[in-house]
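Just below is one structure, and these are the notes that go with it.
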Amino acid sequence: MTLRPALRIAAVAALAVLGLIGLVVWESWQRAAGTEVVLSIATVDPRGLLSGDYVAISLQEPVAVGRACPPGIDTDPAAVTGKEPEQWIALAPAGDHAAAVGAAGERAGALRFAPLVVRGRATCAAPTPATADSGGAPGTLALDLGVDRFYADQAEVQRINETSTICQSGSCPVAAIVSIGRDGKARLKGLRINGQRVVLSSF
Amino acid sequence: MPSYKDRVAKDLDGWIAAGLAPESSRAPILASIPEGGRLDAAAAMAWVGAVLLGLAVMALIAANWDLLPRLAQFALVLGVFGAFAGAAAWCAERARPNLANGLLTVAALAFASAVGLTGQIFDITGNERVALYLSGVVAAALALAGRSSGAMVLALAFIGLGDDWRDGWNGQAALVEVPWLAVAAPAAAALALRWRSTALAHAAAIAVVAEALWLAAKLRFDAAAFLAGAVALAVLAIGARWLARRREDRLGGVFYGWFVWGAFAAFIAAGIDLTTHRLGVLHRIVWLAAAGGALALGRNDRHTPVTAAGVLGLIGAVSVLMLDLGVNLLTAAAVFFVAAAVALVAGLILRRRAT
């Protein structure tokens with residue numbers, strides 16, 4: 001039996017639409033069901049002209065002078081090409097947010113550091129030690145969890161942009177609210193701006 | 001502009017006047033030539049109006065996009081895709097294949113946009129490669145469902161992009177697990193032959209050439225890899241030539257031209273100083289000979305792209321050889337003298353065989 005072309009086209013189109021709806025439902029459910037953590041942001045760059053209004057975010061945590069980079073995390077950011085295999089990164093509470101405390105190639109290995117683990121890549125630039133002439137400089141611990149942009153309307157993006165100048169001076173008042181699913185994938189839930197939650201709504 | 005039928009009618013009048021064809025054959029000959037489809041002025045204006053209306057609607061939606069709730073945005077994105085696919089199904093049902101082809105092509109583009117916009121609307125981050133493959137698979141499915149060459153061309157483009165062209169051409173970049181264009185391009189070539197689609201034949205041939213070059217660059221990025229690519233494309237060109245000549249298949253001619261160009265591209269790339277190992281003057285001499293061969297073959301087959309490849313190949317080979325030999329004009333003269341002698345002898349042999 002051969003289907004008429006119109007029916008074939010309708011069937012393919014219906015499957016494609018159902019697939020996209022299924023993706024949205026699945027991702028929304030995973031985002032709601034995951035464990036919520038707040039992660040530090042170092043830089044906030046507003047909007048790409050061709051991609052709609054969004055805020056490009058970079059998850060970074062300062063590493064204080066005198067502290068070492070977490071175990072298992074690459075300490076040569078200059079050698080990072082972005083094509084390294086994914087790791088499992090362990091996250092643990094650090095004040096009002098969470099921070100990476102170690103990483104491993106296997107999930108079980110990362111769980112040794114902390115009970116909450118996420119898939120991604122991490123690099124760490126070690127802090128400059130204090131000398132007689134200077135007090136040293138803090139290092140940075142950067143996370144690439146596939147969470148790099150937050151879509152918002154134009155007014156919201158402009159409001160976030162105003163706070164981004166503060167980020168450049170050091171302490172950033174913007175943090176990412178991320179959901180860690182059972183599959184270990186990070187999904188962005190929203191931003192925390194000056195303590196206020198801006199969470200993505202589905203409606 | 002006179003149509004093909006108008007030109008034949010004019011030629012026929014001349015042949016009848018010269019006594020080469022009987023007057024009685026004029027009407028049956030002209031009746032055997034179908035009227036070419038022409039877009040009259042009213043239909044052209046209707047198309048322009050429809051396009052402008054579409055642009056106006058798009059601008060209106062874009063201006064108010066932020067005001068729409070997320071679910072409304074999602075429904076709109078899916079609705080646009082569904083509308084084009086539905087219109088294509090309607091046209092396919094009413095035996096309007098060209099319109100259905102065009103609408104399926106737009107539907108495939110609309111779906112690719114829908115994938116990107118859905119990620120934006122609901123802040124779903126994911127692998128861009130997966131999004132491109134998904135767009136390619138849906139475009140291919142739409143093409144197969146409605147026999148749309150345009151949607152299949154888009155499928156090739158999406159799958160090719162998904163194979164991660166952004167990694168650059170240096171072999172140090174990680175190769176994707178499966179370069180799916182290596183599967184999709186031959187399949188599209190087979191479909192082009194089955195559907196008798198010239199547009200798809202061009203796209204499939206370009207995809208095969210691009211894939212051969214890309215694999216050579218990604219796998220090894222050295223002279224041997226590009227030489228292997230050149231040989232593979234030359235073999236494909238021989239097959240396509242057989243199709244074009246023995247079976248008088250015009251699509252075979254399309255593949256023939258592209259594969260010859262591809263073989264030259266791969267061969268020339270092999271001669272660039274990619275590694276410490278250089279192919280040297282031997283590469284230039286083979287290049288010269290191959291270009292001469294392509295020129296002769298193109299003239300013999302009355303195939304303009306192959307002839308053009310030969311001409312440009314000759315110019316390129318001579319230029320590079322001069323560059324290689326520097327100011328040593330005596331050596332250059334010797335090489336060109338030997339090449340000229342070989343060409344003349346080959347020409348004489350061909351002439352004797354022909355007579």
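The values are calculated or read from the model by the stated rules, or taken from the named source; none is laboratory data. What you see is a predicted model; the values in this text were computed from it and never measured. Heads up, the Cβs are rebuilt from the backbone with ideal geometry, glycines too, and the neighbour counts pull from every protein chain shown.
Annotations
- The residue list B:Ala157, B:Ala151 contains one member that is farther than 24 Å from A:Val199 by Cα and either more than 12 Å from chain A (Cβ to nearest Cβ) or not in a helix (DSSP H, G or I) (or both), which is B:Ala157.
Residues checked against (1) assigned to a loop (DSSP other than H, G, I, E, B); (2) closer than 30 Å to A:Asp153 by Cα; (3) of a type outside the set (A, V, I, L, M); (4) modelled with pLDDT of 85 or more:
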| residue | (1), (2), (3), (4) |
| --- | --- |
| B:Leu12 | no, no, no, yes |
| B:Trp15 | no, no, yes, yes |
| B:Glu35 | yes, no, yes, no |
| B:Gly49 | no, no, yes, no |
| B:Gly54 | no, yes, yes, no |
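Okay, residues lined up against (1) at pLDDT below 90; (2) under 19 Å from B:Leu144 (Cβ atoms); (3) under 27 Å from the mean Cα position of the chain (by Cα):
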{"residue": "B:Ala83", "(1), (2), (3)": "no, no, no"}
{"residue": "B:Ala87", "(1), (2), (3)": "no, yes, no"}
{"residue": "B:Asn98", "(1), (2), (3)": "yes, yes, yes"}
{"residue": "B:Leu109", "(1), (2), (3)": "no, yes, yes"}
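- Looking only at the range A:170-183, residues that are at pLDDT 85 or above and either within 11 Å of chain B (Cβ to nearest Cβ) or buried (at least 18 other Cβ atoms within 10 Å of the Cβ) (or both) come to 7 in all.
- Any hit, the range B:13-26, residues being under 30 Å from B:Pro97 (Cβ atoms) and surrounded by 10 or more Cβ atoms within 10 Å (Cβ to Cβ): no
- Any hit, the range A:152-162, residues being part of a loop (DSSP other than H, G, I, E, B), crowded, with 19+ Cβ neighbours inside 10 Å, within 11 Å of another protein chain (Cβ to nearest Cβ) and at pLDDT 80 or above: no
- Only one entry of B:Ala216, B:Ala141, B:Ala204 meets the criterion of being at pLDDT 95 or above and either assigned to a loop (DSSP other than H, G, I, E, B) or away from chain A (no Cβ under 14 Å) (or both), and that entry is B:Ala204.
- The range B:306-337 - residue that is at pLDDT 80 or above, crowded, with 16+ Cβ neighbours inside 10 Å and not hydrophobic (A, V, I, L, M, F, W, C) and, of those, farthest from B:Trp258 (Cα to Cα): B:Gly316
- Pairs linking a residue in the range A:66-85 that is within 13 Å of another protein chain (Cβ to nearest Cβ) to a residue that is assigned to a loop (DSSP other than H, G, I, E, B) and modelled with pLDDT of 70 or more, with Cβ atoms under 9 Å and 6 or more positions apart or on different chains, are A:Pro85/A:Gly105.
- Pair list, Cβ < 7 Å and 6+ apart or interchain, from the range B:127-147 residues that are among the hydrophobic types (A, V, I, L, M, F, W, C) to residues that are assigned to a loop (DSSP other than H, G, I, E, B): B:Leu142/B:Ser148
- Annotation for the range B:94-105: at least one member residue is crowded, with 20+ Cβ neighbours inside 10 Å, more than 25 Å from B:Arg70 (Cα to Cα), within 11 Å of another protein chain (Cβ to nearest Cβ) and touching a Phe, Trp or Tyr at 6+ places or on another chain (Cβ under 6 Å).
- Being of a type in the set (A, V, I, L, M, F, W, C), under 30 Å from B:Ala145 (Cβ atoms) and touching a Pro at 6+ places or on another chain (Cβ under 7 Å) is a condition met by at least one residue of the range B:84-94.
- In this structure, B:Val254 does not qualify as surrounded by 13 or more Cβ atoms within 10 Å (Cβ to Cβ), free of Cβ contacts under 8 Å to residues at least 24 places away in the same chain, in contact with a helix residue (DSSP H, G or I) (Cβ under 7 Å, 6 or more places away or on another chain) and closer than 27 Å to B:Leu243 by Cβ.
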